[in-house]
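Quick notes on the structure that follows.
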Amino acid sequence: MTPEELYRYDVNGYLLIRGAIDPETLVRLNKQIDVWEEKAWKDFEAKSQGENPEVRYDDIVNQEAGLLSLAANPKILPYLVGMVDKPRLKSTWIAFKWRGGETRLHSNHTPTVTHNFYHFNGKIRHNLLNMMYAMHDIEPGGGGLKVIPGSHKANYPRSRADDVSDMLVELSMKAGDVLLFSHDMGHCSLNESDAIRRTVMYTYCPGVIANSFGGDALYDRIFNAAEEGSWLKYLTRQPNGFLETYPQPELGAALSV
């Protein structure tokens, strides 16, 4: 990470990386995601009145092999290694938001819990780093992530009674961009447009933290099939306390995914 990127991320809690997916790959992945959107339409139409108009499919990398390449995207690896200690893939999902689809304001940040540190020994260190890829353009009002910049380092908890909408900043994205953000930063979203917001999410954590779902063996199939010494193999290893279960590659091996 450049000094400029470190400063901006540290102050704001997020960083937008333009063109993280090359145009050819973006076209190929969107064709695969088209199939998922057809399925999502059926699940959307089956929702009851008043339900959140969003359809989300968890653990997408175990269901759509094409999306594995983004899990160890060489363009994000320097950021991942720079901000997560011994990183590991934690969870993945694909989401479709229709008009009115929302994610309510939330974060992992609890200032009174001392082990939820963000900065340690002069380095940014996340317990959970999110990477959200825009597969289509997300225009203003189109469901772009709304964030409270700097809230990942707040010293006081946010009162649930406080309307903080005046503090929210909406982040628009172009297809192929990726938004890196700390889950300790307050964030939410609301699609107020007629376009379906299409995003893919990857979250990363230190190797000592367990998977969100599926148990320790969640990525065993991917791990066993991945090339030896590759970042994909490293990122899909099992958690095992403070003991490493697979050696971390050098960044020079980033193209071996």
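The values are calculated or read from the model by the stated rules, or taken from the named source; none is laboratory data. Just so we're clear, the structure is a prediction, and the values are computed from it rather than from any experiment. Backbone-built Cβ (ideal geometry, glycine too); neighbour counts: all protein chains shown. With ligands, DNA and RNA removed, areas are computed over all heavy atoms of the protein, side chains included. Shrake-Rupley method; radii C 1.70, N 1.55, O 1.52, S 1.80 Å.
Computed quantities for the displayed model
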{"quantity": "Test: A210 is surrounded by fewer than 23 Cβ atoms within 10 Å (Cβ to Cβ), under 19 Å from D10 (Cα atoms) and of a type in the set (A, V, I, L, M, F, W, C)", "calculated": "no"}
{"quantity": "Number of positions in segment 115-164 that are charged (D, E, K, R) and within 29 Å of L29 (Cβ to Cβ)", "calculated": "3"}
{"quantity": "Segment 42-56, residues that are farther than 11 Å from W98 by Cβ and buried (at least 17 other Cβ atoms within 10 Å of the Cβ)", "calculated": "R56"}
{"quantity": "Index of the failed condition, L15 passing every other in (1) touching a helix residue (DSSP H, G or I) at 6+ places or on another chain (Cβ under 6 Å); (2) over 21 Å from I124 (Cβ atoms)", "calculated": "(2)"}
{"quantity": "Residue in segment 179-207 that is nearest to G19 (Cα to Cα), counting only those that are buried (at least 20 other Cβ atoms within 10 Å of the Cβ) and hydroxyl-bearing (S, T, Y)", "calculated": "T199"}
{"quantity": "Neighbours by Cβ (under 9 Å, 6+ apart or cross-chain): first from segment 222-247, touching a residue at least 60 places away in the same chain (Cβ under 8 Å) and over 18 Å from Y204 (Cα atoms); second of a type in the set (D, E, K, R) and open to solvent by 70 Å² or more (accessible area, probe 1.4 Å)", "calculated": "none"}
{"quantity": "Counted residues, segment 11-41 - those being open to solvent by 60 Å² or more (accessible area, probe 1.4 Å), free of Cβ contacts under 8 Å to residues at least 60 places away in the same chain and among the hydrophobic types (A, V, I, L, M, F, W, C)", "calculated": "3"}
{"quantity": "Residue, nearest to E192 (Cα to Cα), within segment 14-72, restricted to residues that are among the polar types (S, T, N, Q), in a helix (DSSP H, G or I) and out of contact with any Lys or Arg (no Cβ under 9 Å at 6 or more places or on another chain)", "calculated": "Q32"}
{"quantity": "Per-region count, segment 151-170, residues assigned to a strand (DSSP E or B) and either in contact with a helix residue (DSSP H, G or I) (Cβ under 9 Å, 6 or more places away or on another chain) or open to solvent by less than 60 Å² (accessible area, probe 1.4 Å) (or both)", "calculated": "1"}
{"quantity": "In segment 130-150, residue modelled with the lowest pLDDT [restricted to those that are in contact with a helix residue (DSSP H, G or I) (Cβ under 6 Å, 6 or more places away or on another chain) and of a type in the set (A, V, I, L, M)]", "calculated": "I148"}
